[in-house]
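One structure is given below, encoded as structure tokens.
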Amino acid sequence: MIKTDICIVGAGPGGATTALKLSHLGIPCMLVDKAVFPRDKVCGDAISGKGLMVLRRIDPGIVERFEAATEEQVPVWGIRFGTPTAKQLDIPFRPDYDPANDAKQGFVCKRLDFDNRLVEEVKRRSNVQLFEGISIENYERKANGYLVSNADGSFQVECRILIVANGAYSAFTRHHAKFDKDDGHYAGGVRAYYRNVKGLHPDGFIELHFLKEINPGYLWIFGLPNGYANIGLGMRSDHISQRRYNLTKGLQDIIANHPDFQGRFEDAELLGKITGYGMPLGSKKRQLSGEHYMLVGDAGHLIDPLSGEGIGNAVYSGFIAAEQAQKCLEANDFSASFMNAYDVRVERVLGKDMEVSYQIQQMLARPWLVNLAAWLVLRNPNLMYVISQMYSDMEYRKKALNPLFWIKMMVSKK
């Protein structure tokens, strides 16, 4: 049996970031994952500036080394929105951006590569014990923490703080933290990799298409290096059930038959197969911690309800969990009430953002509203600036829910 103060289960972006931050704080920890890296993870592969900002706070070299691997990622400078009436809006993340000189705002990078790079960063840290290829199946509450083990008990770890970062299907989240699966706050998605898709934006704008055929879901197209692209379709789970919608068939039908896309895919090649996955959304407030434990990233249902992006919130929650673990060790207090400071901080940093995202998600489920917004933006360049600001400025996102704000911006001459 191994004894440690902190055991992190799951070495994806949330778990790896927790380990990296603990290492930076001088706190040893153990990190366990069922996979051996590099390994694939079904995802949209978009990495927001939020996650990169947190990693820079831990060690600027992490992001510098990632950005230097230009063969693995494509910088993203904006979003291309497609409306139900086939209008297209190109919204940059910042007005008058300069790709040659401005700081990168985000990337598209296969999770196979991005997650492996984070694990390689973990391997650089002498005070992090990394165990790959070990699946933690059993969680037993002890007087002073948790005993975790693999199925046959040949690998056992006793820890005072358990940080659970093992993804959307975490058994701990379901059986110990008692999270239910609420289809109104859960989404399904399918992802495929294609080569030679036409019409990708030269500055790497990620594409989100709100087609009337799949309302209230959306199609995404994210460009990758060397002519590859991540193509996917996502929809909230309650709508999938109500419509009895098959996401895989829906994606195949759009690519083959939709007039706006069949030409773009006429010479494209499917690489591998279309794969599905679940996305627990952060639109429902839940208790993320308890006595001796914290939930990080997808295991804590922290995926953004609007974009479906989970990497940034996983990285941020891992950063917060590490700092809370430090406080618990210093105070020798692992009670649920003391650990609740983690929930308070996650709510302050991420909660309101996800609440606003959920409200905007509900608004975008109305095709007429999406079409109206596109019509207004195409006729008023000032609104383009506002939407650009919404990407990085939470205050703009909150203001966007007030109709008076939009009226003011439409009449503004700035």
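The values are calculated or read from the model by the stated rules, or taken from the named source; none is laboratory data. Given the structure is predicted, the values throughout are model-derived calculations rather than measurements. With ideal geometry, Cβ positions are generated from the backbone for all residues, glycine too; neighbour counts draw on all protein chains shown.
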For region 56-73, which residues satisfy the criterion of being without any contact (Cβ under 8 Å) to a residue 12 or more places away in the chain and under 19 Å from the mean Cα position of the chain (by Cα)? R56, V63
Does G153 qualify as being surrounded by fewer than 20 Cβ atoms within 10 Å (Cβ to Cβ), assigned to a loop (DSSP other than H, G, I, E, B) and out of contact with any Phe, Trp or Tyr (no Cβ under 6 Å at 6 or more places or on another chain)? yes
Given the residues Y169, Y186, which is the only one that is at pLDDT below 95, closer than 30 Å to I320 by Cβ and either crowded, with 22+ Cβ neighbours inside 10 Å or touching a Leu at 6+ places or on another chain (Cβ under 7 Å) (or both)? Y186
Would you be able to say whether some residue in region 79-86 is buried (at least 17 other Cβ atoms within 10 Å of the Cβ), among the hydroxyl-bearing types (S, T, Y) and part of a strand (DSSP E or B)? no
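Here's the yes/no breakdown for (1) outside any helix (DSSP H, G or I); (2) out of contact with any Pro (no Cβ under 6 Å at 6 or more places or on another chain); (3) among the β-branched types (V, I, T):
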site: N226; (1), (2), (3): no, yes, no
site: L233; (1), (2), (3): yes, yes, no
site: I255; (1), (2), (3): no, yes, yes
site: D260; (1), (2), (3): yes, yes, no
site: G276; (1), (2), (3): yes, yes, no
site: K285; (1), (2), (3): yes, yes, no
Residue that is nearest to the chain's Cα centre (by Cα), among those in region 309-363 that are hydroxyl-bearing (S, T, Y) and more than 28 Å from G217 (Cβ to Cβ): Y342
Look at region 99-133 and say how many of its residues are assigned to a loop (DSSP other than H, G, I, E, B) and acidic (D, E). 1
Give me the pairs, please: first residue somewhere in region 323-344 and farther than 18 Å from T4 by Cα, second residue anywhere and small (G, A, S) and outside any helix (DSSP H, G or I), beta-carbon distance under 6 Å, and either six or more positions apart or on two chains. A336/G290; M339/S289; Y342/S289; D343/S289
Selection over region 173-216 where residues are within 30 Å of Q287 (Cβ to Cβ), part of a loop (DSSP other than H, G, I, E, B) and touching a helix residue (DSSP H, G or I) at 6+ places or on another chain (Cβ under 7 Å) yields a count of 2
Of the conditions (1) assigned by TED's automatic domain parsing to the domain that holds G310; (2) in contact (Cβ under 8 Å) with a residue 60 or more places away in the chain; (3) surrounded by fewer than 20 Cβ atoms within 10 Å (Cβ to Cβ); (4) over 23 Å from N230 (Cβ atoms), the single one that R174 does not satisfy is (2)
Criterion violated by E291 - all others in (1) assigned by TED's automatic domain parsing to the domain that holds N166; (2) under 28 Å from D115 (Cβ atoms); (3) surrounded by fewer than 22 Cβ atoms within 10 Å (Cβ to Cβ) satisfied: (2)
Name the residue that is nearest to Q362 (Cα to Cα), counting only residues in region 293-347 that are outside any helix (DSSP H, G or I) and in contact with a Cys (Cβ under 8 Å, 6 or more places away or on another chain). G310
